[in-house]
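Working notes, beginning with the structure itself.
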Ligand SMILES: Nc1nc2c(c(=O)[nH]1)N[C@H]1C(S)=C(S)[C@@H](COP(=O)(O)OP(=O)(O)OC[C@H]3O[C@@H](n4cnc5c(=O)[nH]c(N)nc54)[C@H](O)[C@@H]3O)O[C@H]1N2
Ligand SMILES: Nc1nc2c(c(=O)[nH]1)N[C@H]1C(S)=C(S)[C@@H](COP(=O)(O)OP(=O)(O)OC[C@H]3O[C@@H](n4cnc5c(=O)[nH]c(N)nc54)[C@H](O)[C@@H]3O)O[C@H]1N2
Ligand code: SF4
Ligand code: SF4
Ligand code: SF4
Ligand code: SF4
Ligand code: SF4
Ligand SMILES: [Mo]
């Protein structure tokens, strides 16, 4: 159908432009040049794409058929986001906050000068560990580590605690890492609060469709009829926060009926006996009352699942079901892992497997000494016994920043490619915290809510205008290297991150750590693989190392085995085995207006960053998608009609939104699309359209992982 | 705009039909009607055509309509018919002037051909406005044979109304006194058929496919219901019908101009409203496909 | 591709997750202004909680073999190509919008900028090579299969032979070139 990029592309680029005849992609018009790069429409996937440029203007994008995360396809955001290079709301030069709270343009020199002077003083008084850097972990993350470590601060933080840390911690405890799903070859797929059609991962939705065509069965466990559920054989409308009960009952059936993989359990796991003794208390008869799924169904699903072993899997999950949702999310994720491994689908075709990730070349090899990693505890207590032991050191705890700032533990911070003021819970609290900082520098392309309260805003060049650090995000059955590559000339006085950090490092006395260009850096990163930067830039993706092969490999757990029972967790004072645990809050069953507030992704929006993309917002209104989902019966009981405006109110927030009445949602919950509610007045398209779940979510730290517990929200919904 | 165009075309065609018909029956007795019709016919439709051209998204290309003939396209065929009609209606207008400009009065053969031609063309025009809509399978409200019938009768009603209106204004008529009773009789008959056609249209649609039923609902109960029931049915049919009936059957045989003035104005109003309702509502209706 | 291709599309609604990637792809491909669309997704809901399902149905010009839009066009601007594609010759289009009224699938829009009417062209510009329509290439679940029905070995011919498909609005006698798989 479509020739892989490679050689044809090389000749094409050599010729400067490509004519239709040499390529096989969707509609190459004559003299449109085609350049491989990475989509940055969402940090999560960074799909390999070709961007077409026609008379110096960005025209369209096609998927790179070779890249793992998207396999030749592009999602709606990907198509729309390339056009955002022309968004009038882009920041066109460095900005400095005035006393009046407005922003005045300044030169890069002045910005570097003033920021480093201020930072030096702060570090003198409070030490380097009072400085933090927070970002979504993009390919450039290593630059941030290098910068912060050079300064002497351990406080590099990602969005993780608002997204997935419960899941990651649970899989770490169980099998020593986060496995991937071999959906394509699976015969039986269970999605527990995972919706790759809305929380898009193109490869996953594509592989699910492929598996279905090959006769696989798909079970979707979700209080809401997700977009993926359209393809499902079973939609199980589980009661929110009750997945743990369903999973414990599944495990119960699998063990009681001896459906597990005895050999695998015998050889590669520890703690089975304790698990068997414990699990008898959780039969489907018990679970059905909690999770609202009939016991017959639980028996059937458990048997079908185990019956297809080892080519059956429960998707590892992401955000929605148990990423950072509930008090019991960590144990729910543990149960997911255990239910999977009981049927021996670990490192198996059609089951779960450990993705292959390339380790990039060291800069030392090029004579650029690495700064020592400061051995001080992270301010947020991530990975610190007694605080948040299971939280990962590299992710940290994003929403701890405002608290630490208010406590005077953090004084200065850099925000890169992240918008915590809109994407962290309890805006009022977050704003108070970030305002307390004595120096806040945000590096963004537009005036996000966070940028709009920073002392300095440094505009990074749009991704189509720059080269980034070589990326390893496309890692699956084979390790892939990809990168963001410049496609067009920068439109404004903006810089790529490396130049910004380099500019800052001079005045901070750490210039010696940043004395290389992006090309030199990337060349060194590629050295171990014996591929040149040119090859990568021409192909857009390069596969390195061996392909994944079936077969057990020792786990990175203390025992080297799958740990059903974790002494590690026990030592930290946590349940060593999943036990039923109530969620933190529950809707008031005596109140007709009381609901749990759920949220989720729509395929056309990324978190807080695309509501301001004019075309995507046009789709939102054209398809009337800025609406709160509510169960039809419950809605009618409180006198609501489809399209009515309601007032939504929680202990900390209040807002109005229109409703969508549907039979596709559990009666106990309302569901809010999570891409709206932008309140930065600089974002002219998105400003004031819709509301966001963070407006209603109080500041919580789950005791095990420190995540946000973003579904522990009770709201009252009433006709406006 | 389309409404205005269909409406004006209707009046012209109607006026022409009535005029020529009257001329066949009894030129001497009904000369006022013949002439009034002839004097009215050319103008509304021309105004309508100008309006239509400016309703195009690319008016400057309207001439393309007359450099192609698409026999399948009602609109293309219609464009030609209307052009011819306009031509003939002007000639017909001139030969009906008191003075014999074209030196034709003697040539009865030519005159008769013109009249014949005029009658045929005006009939086509009156039918065309309805066919333009009824052939669109995509719009259930329009896609019924009753639409052309309805609009055809309505066109003649409008034409006649226009004539009697003109005669009310030009008291005394032309030469002989005005044959009110003739007008009223014709009017009465036409309105009778128009109400039948409307009834059949409503019942037929109401008993038809899901698409048709929901389409009809837009007109009868939807946002258009007021204009339809009051504007068209009441003002356009019932009241003029009663008026005509009163004239015909009441003992007092003296004609009341104000009455026919009102009833013909109402008839015209109804004619306009029914078209606007059908046009606007029809565009909203779409075939239910799956 | 055969020497006299007959372009057609099979749309498998049982795999459509309504992501709108095809809509956005079409938009870029044809450089359309924000408010003009050649394709769209229609959503339907069935049943009552918890026995409930949804269907997303991609809609666009059906490239009818008996296209009303062509019949009604007074200038011949709308025409049917030998390869099955229904096209608009923008030089001849006077913008009377009659074709828009005639299309049962609401597939046509007026170009705000130029005044002519345009619509899905099956990405005609791309065909003849191995290229595929933008909406087909971008679809993550492979809902859309495009190809030459006159070529017995084409993916679409094979699928058409094995799967039960329906033409939407068949009884309007439009004879669409898009065939739907509706579960
Ligand atoms: N379009 C788009 N795609 C994205 C992103 C984006 O912003 N936009 N972001 C990327 C990122 S960072 C992430 S983390 C992923 C998120 O990917 P997902 O986690 O799959 O997406 P969500 O929409 O957060 O949640 C999925 C489903 O969880 C359901 N859910 C909510 N509460 C519960 C519960 O208690 N139990 C169960 N079983 N289900 C529940 C919701 O109804 C929703 O349908 O998406 C990635 N892809
Ligand atoms: N409101 C809301 N909050 C959420 C979620 C949600 O869906 N909605 N989802 C939760 C989840 S799952 C996650 S993963 C987190 C994500 O949390 P965030 O990462 O904070 O979410 P984004 O909205 O993606 O923020 C990306 C920021 O980077 C900026 N940006 C985009 N491109 C570039 C670039 O090229 N360079 C630079 N320097 N900046 C750029 C955008 O303008 C935006 O300000 O949010 C969590 N919280
Ligand atoms: S999923 Fe969509 S937005 Fe995210 S990187 Fe891929 S194409 Fe871009
Ligand atoms: S891209 Fe495919 S799945 Fe998405 S809406 Fe279009 S047809 Fe449906
Ligand atoms: S779908 Fe509409 S526009 Fe396309 S060919 Fe059929 S009638 Fe014409
Ligand atoms: S708008 Fe153009 S294409 Fe459509 S019918 Fe009129 S002339 Fe033909
Ligand atoms: S075939 Fe081309 S023009 Fe038609 S909908 Fe698909 S992308 Fe748009
Ligand atoms: Mo996330």
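No lab work stands behind these numbers, since they all come straight from the coordinates. Bear in mind that the values here come from a model prediction, so they are computed numbers and not experimental data. Every residue, glycine among them, receives a Cβ derived from its backbone with ideal geometry; neighbour counts consider all protein chains shown.
Just a few scattered comments:
- Antiparallel beta bridges, as assigned by DSSP with both residues in the protein assembly as shown, represent about 60 percent of the total such bridges.
- Label positions at residue A:281 and residue B:67, each projected 7 Å from the Cα along the C-beta direction, are separated by 8.8 nm.
- Kirkwood hydrodynamic radius (C-alpha pairs) into Stokes-Einstein, chain B, 4 °C and 1.567 mPa s, D in µm²/s: 66
- Crossing angle, helix A:243-256 versus chain A [Cα axis fit, 0-90 degrees, rounded to tens]: 50
- For segment A:531-620: Kirkwood Rh in Å [reciprocal of mean 1/r, alpha carbons]: 20.4
- Of the two radii for the protein assembly as shown, the radius of gyration is 1.08 times the Kirkwood radius, both from the alpha carbons; that is the Rg over Rh value.
- Sorted largest first, the spans of the alpha carbon positions of segment A:621-720 along the three principal axes are 40, 35, 21 Å.
- Using every pair of distinct Cα positions in segment B:205-265, the Kirkwood expression returns a hydrodynamic radius of 13.7 angstrom.
- The share of Cα pairs per 5 Å bin across segment A:102-170, counted from zero up to the longest distance, runs 3, 14, 17, 18, 20, 15, 7, 4, 2, 0 percent.
- Tensor-based shape of segment C:113-183 (alpha-carbon gyration tensor, a/c under 1.5 rounded, otherwise prolate or oblate): oblate
- Average projection, convex hull of the Cα set of segment B:1-61: 4.2 square nanometres.
- Taken over segment A:282-361, the ratio of Cα radius of gyration to 2.2 N^0.38 Å equals 1.30.
- From largest to smallest, the equivalent ellipsoid semi-axes obtained for segment B:147-290 from the alpha-carbon gyration tensor read 34, 14, 12 Å.
- For segment A:222-337: Kirkwood Rh in Å [reciprocal of mean 1/r, alpha carbons]: 14.8
- Gain in span if fully extended, residue A:579 to residue A:407, counting 0.36 nm per residue against the direct Cα distance: 58.4 nm
- Translational diffusion coefficient (Stokes-Einstein; Kirkwood radius from C-alpha pairs) of segment A:423-543 at 25 °C, 0.890 mPa s, in µm²/s: 146
- Unit Cα scatterers, Debye sum, segment C:56-183: log10 I(q)/I(0) for q = 0.10, 0.14, 0.19, 0.22 Å⁻¹: -0.33, -0.66, -1.16, -1.44
- Normalised alpha carbon radius of gyration of segment B:1-124 [divisor 2.2 N^0.38 Å]: 1.13
- One equal scatterer on each Cα of segment C:1-118, no solvent, Debye formula: the resulting log10 I(q)/I(0) at q = 0.11, 0.19 Å⁻¹ is -0.46, -1.12.
- For segment A:161-257, the pair-distance distribution built from all alpha carbon pairs, in bins 5 Å wide starting at 0, is 3, 12, 18, 22, 24, 16, 4, 0 percent.
- Using a Förster distance of 41 Å, the FRET efficiency for residue A:687-residue C:45 (Cβ separation, nearest 0.05): 0.80
- Separation of segment A:496-532 and segment A:186-206, taken as the distance between their Cα centroids, equals 37 angstrom.
- The fewest-to-most ranking of A:186, B:263, B:225 by surrounding Cβ atoms within 10 Å reads B:225, B:263, A:186.
- Taking the helices alone, the protein assembly as shown has a mean residue ellipticity at 222 nm of -11000 deg cm²/dmol, built from -39,500 (n - 2.57) per DSSP H run of at least 4 residues and averaged over all its residues.
- FRET efficiency, residue A:102 to residue A:373 (Cβ-Cβ, R0 35 Å, nearest 0.05): 0.30
- Residue C:112/residue A:589 FRET efficiency (R0 41 Å; Cβ-Cβ; nearest 0.05): 0.20
- Stokes-Einstein diffusion coefficient of segment A:257-319, Kirkwood radius over Cα pairs, 25 °C, 0.890 mPa s, in µm²/s: 181
- Prolate/oblate/rounded label for segment A:314-422 (Cα gyration tensor, a/c 1.5): oblate
- Segment C:111-155-segment A:685-720 distance, computed between alpha-carbon centres (Å): 42
- Per-selection metrics, segment B:28-87 (Cα): Rg and Dmax in Å: 15.0, 48
- Spatial separation of Cα centroids for segment C:1-65 and segment A:213-237, in angstrom: 21
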